[in-house]
Amino acid sequence: MNIPLARLDFPLLSAEDRADIEFGVSRRCDFIAQSFVRDRAEVSAVKRLVRPRLPGCKIIAKIEAREAIANLDAIIDAADGIMVARGDLGVMFPLWEIPILQKRIIKKCNLAGKPVITATQMLESMTASPNPTRAEVSDVANAVLDGTDYAMLSAETAAGKYPVEAVRAMNRTIKYTEACGGDFARCRQ
């Protein structure tokens with residue numbers, strides 16, 4: 001549950017969290033995406049559970065909570081990678097602040113040499129339509145230009161009617177944007 005402006009004191013890891021982590025470790029997962037990370041201690045707690053049994057597993061801290069923004073540098077330092085989880089950030093902050101928060105998180109990750117994933121509603125219209133909107137394509141391209149390492153699809157591929165088309169649209173947009181880079185004159189006019 002996401003309650004904006006509330007500081008909820010709950011255990012670092014619930015019984016369900018521990019069971020999910022155990023499931024991932026038992027299946028030798030490559031990554032664990034840790035939701036609602038608030039500070040370095042929470043990332044460290046998951047690492048202590050995972051690393052003795054699965055040293056290569058990477059911990060991705062999902063930045064979704066207001067406290068995570070306040071503790072961003074320490075979280076980036078502690079985690080193996082960061083996910084800009086825009087859906088819950090959009091509940092915690094006014095929507096118009098999300099693009100700047102996204103850019104700030106990506107830049108800090110780039111400077112720290114940590115991989116960063118931009119997620120949530122990248123091509124959301126493709127859950128029901130075979131084509132993305134112009135705004136969605138621009139959103140993906142801008143995330144790439146900002147320096148995101150990965151753009152993640154969620155509902156588009158998990159529950160959408162056009163999962164293959166969504167992957168193709170994302171792939172085309174990313175490849176074209178990366179080919180152009182910051183040299184816009186080099187791109188097709």
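No lab work stands behind these numbers, since they all come straight from the coordinates. A quick note: this is a predicted structure, and the numbers were derived from the prediction, not measured. Using ideal geometry, Cβ is built from the backbone for each residue, glycine included, and neighbour counts are taken over all protein chains shown.
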* Dividing the Cα convex hull volume of the chain by residue count, how many Å³ per residue is that? -> 136 Å³
* **Relative contact order (%) - segment 10-120, alpha-carbon pairs under 8 angstrom, separation at least six** => 23 percent
* **Equivalent ellipsoid semi-axes, segment 10-120, via Cα gyration tensor eigenvalues times 5, rooted, Å** => 24, 15, 12
* Pairs to check: Lys58/Lys107; Lys47/Lys107; Lys108/Lys161; Lys107/Lys161. Give those whose C-alpha atoms are more than 28 Å from each other in this structure. => Lys108/Lys161; Lys107/Lys161
* Structure fact -> Sorted by number, the cysteines in the chain with no other cysteine beta-carbon under 4.7 Å are Cys29, Cys57, Cys109
* Neighbour-count ranking [beta-carbon atoms within 10 angstrom, fewest first] of Met126, Met152, Met92 -> Met152, Met92, Met126
* **Separation in nanometres of the label points that stand 7 Å from Cα toward Cβ, at Ala45 and Leu95** => 3.3 nm
* Structure fact -> Exposure proxy check on Arg27, Arg168, Arg40: fewest-to-most Cβ neighbours within 10 Å is Arg27, Arg168, Arg40
* Asked: If you take the square roots of the eigenvalues of the alpha-carbon gyration tensor of segment 121-188 and sort them as a ≥ b ≥ c, do you get rounded (a/c under 1.5), prolate (a/b over b/c) or oblate?
  -> prolate
* To do: Once you have the Cα-Cα distance between Leu13 and Ala135, take 0.36 nm times their residue separation minus that, and quote the gain in nm to one decimal.
  => 40.2 nm
* **Relative exposure of Glu136, Glu156, Glu165, judged by other C-beta atoms within 10 Å (fewest first)** => Glu165, Glu136, Glu156
* To do: State, as an integer percentage, the relative contact order of the chain based on alpha-carbon contacts under 8 Å between residues 6 or more apart.
  => 15 percent
